[in-house]
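Worksheet for the structure shown next.
Each reported figure results from applying straightforward, stated rules to the coordinates on display, with no laboratory input. Fair warning: this is a prediction, and the values are worked out from it, not measured in the lab. Ideal geometry is used to build each Cβ from the backbone, glycine not excepted, and the neighbour counts take in all protein chains shown.
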Amino acid sequence: MNQEMDTDSDQNHQETAERIDYVFKVVVIGDSAVGKTQILSRFTKNEFCFDSKSTIGVEFQTRTVTIKGKVIKAQIWDTAGQERYRAVTSAYYRGALGAMLLYDITKRPTFDHVVRWVDELRAHADNSIVIMLIGNKVDLVDLRAVPAEDAVEFAEDQGLFFSETSAFSGDNVDSAFFRLLEEIYDTVCKKALECGNGNSNVADAITLKGSKIDGISGTDLEISEMKKSSACSC
Ligand SMILES: Nc1nc2c(ncn2[C@@H]2O[C@H](COP(=O)(O)OP(=O)(O)OP(=O)(O)O)[C@@H](O)[C@H]2O)c(=O)[nH]1
Ligand SMILES: [Mg+2]
């Protein structure tokens, strides 16, 4: 059973005194106005804003949860869907263990472009990255332009997980993020076992451990790090 520890923002580091077993970097991508910033805001702060502005550059929010008895801090990065506002692509993806790839169920072109986003992930992210395809704005069901079946077929074909959400109502937002984090955790454990060190710490088995992002937020951020004391229990 998964359990929430706390919800916080980048500015609020209350959880620093708590035990954190893992920090998982997740990126949110997709066309402009599909709801990337709002789904992040819903997941980390349980907030929604109707007149949100287009994101410029990069920002991240965090939320700490418990998955399979481990305390996991999800560090979730958001950038602009518009090319001209985006930060350096490779730096954005560096160290990411998971990706939320959003389209808007009311705008067919945003779904048609998903294949380009998958290509970008394959080009810039680690090949073991866990990808969750998200059809957002499911509250606008009367305006639906993308049948769920189309997305299911695409997701199966590409080996992606899939969910439909509403950042507005909150429907499926938590479950989608929890599913992604669970899959990341399982991938991390599997890698550790493949490396034959199931009894030692996972960190040594993860190629993405301790990557640094430079020149994005102005500070060097240690990402996707595994606490040295942690052992994989799966
Ligand atoms: N009805 C409805 N509107 C939503 C939902 N999610 C986002 N929106 C609205 O869609 C618009 C765009 O949302 P954003 O989260 O700013 O989109 P974005 O993908 O971050 O866009 P960029 O930052 O430009 O890449 C805003 O007006 C939101 O209020 C949703 O689930 N339902
Ligand atoms: Mg945004």
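Okay, here's what the table says:
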{"item": "Three-way shape label, segment 54-203, alpha-carbon gyration tensor, a/c 1.5", "result": "prolate"}
{"item": "Prolate/oblate/rounded label for segment 144-185 (Cα gyration tensor, a/c 1.5)", "result": "oblate"}
{"item": "Separation of the E83 and E183 label points, Cα + 7 Å toward Cβ, nm", "result": "2.8 nm"}
{"item": "Cα shape, segment 43-118, gyration tensor, a/c 1.5 rule", "result": "prolate"}
{"item": "Ordering of 28-40, 117-129 by packing [mean C-beta count within 10 Å, highest first]", "result": "28-40, 117-129"}
{"item": "Charge dipole of segment 9-159 about the Cα centre (unit charges at C-beta), most positive-ward option of Q158, L102, T89", "result": "T89"}
{"item": "Order by protection proxy (mean Cβ within 10 Å, highest first), peptides 107-116, 93-102", "result": "93-102, 107-116"}
{"item": "Convex hull per residue volume in Å³, alpha carbons only, for segment 80-151", "result": "96 Å³"}
{"item": "Radius 12 Å from Cβ of R116, net charge of other residues (Lys, Arg +1; Asp, Glu -1)", "result": "-4"}
{"item": "Amide proton proximity set for Q75, modelled H, under 5 Å, gap of 5+", "result": "F24, K25, V26"}
{"item": "Segment 60-89 and segment 102-141: distance between their alpha carbon centers, rounded to Å", "result": "15 Å"}
